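What follows draws every value from the coordinates through simple rules; no lab data is involved. Since we're looking at a predicted model, the values are computed, not measured. Positions of Cβ are generated from backbone atoms using ideal geometry, with glycine treated the same way; all protein chains shown enter the neighbour counts.
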Amino acid sequence: MKNRLLPLFVALGSYSAYSQVGVGTDKPDSSAQLEVFVKERNKGILIPNIPLQSPTDIETILKPKVSLLVFNTTNNALITPGYYYWYDNRWNRLGVSSESGTGKDGKDGKVGLADGDGAPKSRGEAGYLGPDINIYTDNLAGNVYVQNRDGKWTPINGKQGDKGENGADGKSALEIWQSLPGNAGKDGIDFIASLVGATGKNGADGANGKSALEIWQTLPGNAGKDGADYLASLIGATGADGIAGAVGATGAVHFGHI
């Protein structure tokens, strides 16, 4: 019985021992399923050359497996030569630094802001703000929330810290002024006197103003008139007669010598 099982154990052991493949070595690294060892350091791995017709070509290679690697030899308006791997239902080119450039502009991201009284409602709850609102502020509690992909909200406020100690009283304007060089021993009167600045420079003379005559001549109907007209205009119309005064007392009668 033992002799019959021995060949089976040998076969299973051989399969386990060669589950990793080594090319140029009989001891492939334990982390590799396939290791190609080149002792002379003058050879490489030749990837299959495939004439793909486009990045979405599924006819040249039927049912390509994700991560399948080929070297495309076709050069047309849709695809250029180079290494390509199959992922996300298309052939993706391995780019090189000399071929890098500016891609198409991406879509603008949405940053929705909202606020309200109370915490925000999650997806599926009445009053849910929708997926376009990213940041929400609770005006009552002062908490700020961000919306997760699952429609739930996470507060991002930190915990309120301990109340800090009272700081030292600040100095008054007078005390700060007294600490400046040359002000030691001076009092509030000196401080107030110091607030008066130096006399400023005289400003430029203003334009000469118009005389009363010139102003009068600009009024409607006065163009071309002179000073005599102006003076005449200052004399008003004759006023009404005043009230007669009271009759005076009868004077004494004197007779002279005849």
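The table for this structure:
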| read-out | value |
| --- | --- |
| Residue among LEU234, LEU129, LEU52 with the largest mean-square fluctuation in a Gaussian network model of the chain, springs linking Cα atoms under 10 Å | LEU234 |
| Per residue, the convex hull volume that the Cα atoms of segment 49-96 enclose (Å³) | 67 |
| Set of aspartates and glutamates with alpha-carbon distance to LYS121 below 17 Å, sequence-local pairs under 8 removed | ASP132, ASP138, ASP150 |
| About the Cα centre, charge dipole magnitude for segment 110-158 (Lys/Arg +1, Asp/Glu -1 at Cβ), debye | 200 |
| Aspartates and glutamates whose Cα lies under 14 Å from that of LYS104, excluding same-chain neighbours fewer than 8 positions away | none |
| Net +/- balance of residues flanking SER179 in space, Cβ distance below 12 Å, scoring K and R +1, D and E -1 | +1 |
| Fluctuation leader among ASP241, ASP29, ASP190 - the chain, Gaussian network, Cα springs under 10 angstrom | ASP241 |
| Exposure proxy order (Cβ contacts within 10 Å, fewest to most) of VAL144, VAL21, VAL70 | VAL21, VAL144, VAL70 |
| FRET E, pair ALA204, ALA237, Förster distance 41 Å, beta-carbon r, rounded to 0.05 | 0.35 |
| Quotient of C-alpha Rg and 2.2 N^0.38 Å, computed over segment 36-137 | 1.87 |
| Net length gained if the chain between ASN183 and ALA252 were fully extended (0.36 nm per residue, minus Cα distance) | 15.9 nm |
| Per-residue Cβ neighbour rank within 10 angstrom, fewest leading, SER122, SER97, SER211 | SER97, SER211, SER122 |
| GNM top mover of GLU35, GLU214, GLU175 - the chain, alpha-carbon springs below 10 Å | GLU214 |
| Other-chain or far-sequence residues with amide H under 5 Å of GLY82's (modelled H) | ASN72 |
| Magnitude of the charge dipole, the chain, Cβ model with Lys/Arg +1 and Asp/Glu -1, debye to 20 | 2120 |
| Relative contact order (%) - segment 49-96, alpha-carbon pairs under 8 angstrom, separation at least six | 37 |
| Neighbour-count ranking [beta-carbon atoms within 10 angstrom, fewest first] of LEU213, LEU113 | LEU113, LEU213 |
